[in-house]
Amino acid sequence: MPVQQDPHVRLTYVAIGASDTFGIGADDPQTENWPTDLAAKLGNGVQLINLGVPGITAHQAIKIELPVALDAHPDLVTIWLAVNDIIDNVPVASYAHDLDQILARLQAVNPHVQIVFGNVPDLSLLPYFASYDQGSLMQTAQAYNAAIAAIVARHHAILVNLYQQWRVLSLHPEYLSGDGLHPSTLGYSKLAELFYQAWQAATARNPKKS
């Protein structure tokens, strides 16, 4: 079903992602997820379409979330998809193929769309992964992040290096919810700030795309 366009909207922002994008772990997922926090930082006249679906993988997002995103003709898209792929043991090559397809199709519809992509954080900081083999987990995260970096660069998208920047979790356990996997309400606000800073820096370097 096509997304209705509001002529008064200054910027249409679509968030593609899984449970973190949906807001699982927040006190009120519908209003305290990080895309909602980011939309508020972007100012007035922003239409947010949050497509986050808990448990979704990149391949599933192509069928479920991407068509809605394309119909919305967004000016800005954030994507945070990877952890479920890692949990489901999706091969890096398959994940990279799906990711490349998502970015290519978004840019085919709107060549000027800004795409901001969050990579895989340091999963060893999350209690949820405590039972995993930590060496293997690190290798997988690094392989995924190498693929993400290459595809983001190829499509001239904006990378949010959560692997480095989200290590603040080690100093701020209150940024994590009780399930040991998802951010808390406060954590989501901090994530929104990281995405906003990356977007702001890229826009300052290339103001014609803002």
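With θ set to phi - 60°, apply the Karplus curve 6.51 cos²θ - 1.76 cosθ + 1.60 along the stretch 159-170 and write out the HN-Hα couplings as whole Hz, x wherever there is a Gly or Pro.
Per-residue couplings from phi come out as 9, 9, 7, 5, 4, 8, 6, 8, 5, 4, 4, 5 Hz.
Compare the Cα positions of Gln101, Ser184, Gly55 along the charge dipole of the stretch 11-209 (+1 at Cβ of Lys, Arg; -1 at Cβ of Asp, Glu; about the Cα centre) and return the one farthest towards the positive end.
Gln101
Can you name the helices of the chain, as whole DSSP H runs, whose Cα span along the helix axis is 24 Å or more and whose Kyte-Doolittle mean is not below -0.5?
Long hydrophobic helices here: 92-109, 134-154, 185-205.
Could you give the length gained by full extension between Asp88 and His156, i.e. 0.36 nm per residue of separation minus their alpha carbon distance, to one decimal place?
21.7 nm
What's the FRET efficiency of Thr203 with Glu174 using the Cβ-Cβ distance as r and R₀ = 35 Å, to the nearest 0.05?
For R0 = 35 Å, the calculated efficiency reads 0.70.
Around Val116, which amide H atoms from residues at least 5 apart in sequence, or from another chain, sit under 5 Å from its own amide H, with H modelled in the peptide plane?
Here the answer is Val77, Thr78, Ile79, Ile158, since their amide H atoms fall under 5 Å of that of Val116.
Nearest-5 percent of antiparallel DSSP beta bridges in the stretch 11-209? Could the numbers behind the result be given before it?
Numbers: 1 of 18 bridges.
Given both bridge residues lie in the stretch 11-209, the antiparallel proportion sits at roughly 5 percent.
I need the phi-derived Karplus couplings for the stretch 42-53: 6.51 cos²θ - 1.76 cosθ + 1.60, θ = phi - 60°, integer Hz, Gly and Pro marked x.
6, x, 6, x, 9, 9, 9, 10, 8, 9, x, 10
Of [x] -0.80, -1.34; [y] -0.79, -1.56; [z] -0.96, -1.30, which one was derived for log10 I(q)/I(0) by the Debye sum over Cα atoms at q = 0.14, 0.19 Å⁻¹ from the structure shown?
[y]
For Cα pairs less than 8 Å apart in space and 6+ apart in sequence, what is the mean separation divided by the residue count of the chain, i.e. the relative contact order in percent?
25 percent
Dipole size in debye (nearest 20) for the chain around its Cα centre, Lys and Arg Cβ +1, Asp and Glu Cβ -1?
820 debye
Stretch Gln139-Val9 to full length: gain in nm at 0.36 nm per residue minus the Cα-Cα span? It would help to have the intermediate numbers written out before the result.
On the way: separation 130, 0.36 × 130 = 46.80 nm, distance 4.29 nm.
Taking Gln139 through Val9 to full extension adds about 42.5 nm, to one decimal.
We did not get these values from a lab; they are worked out from the coordinates using the rules stated. Please read these numbers as outputs of a predicted model, since none were measured by experiment. Here the Cβ is made from the backbone with ideal geometry for all residues, glycine too, and neighbour counts use every protein chain on show.
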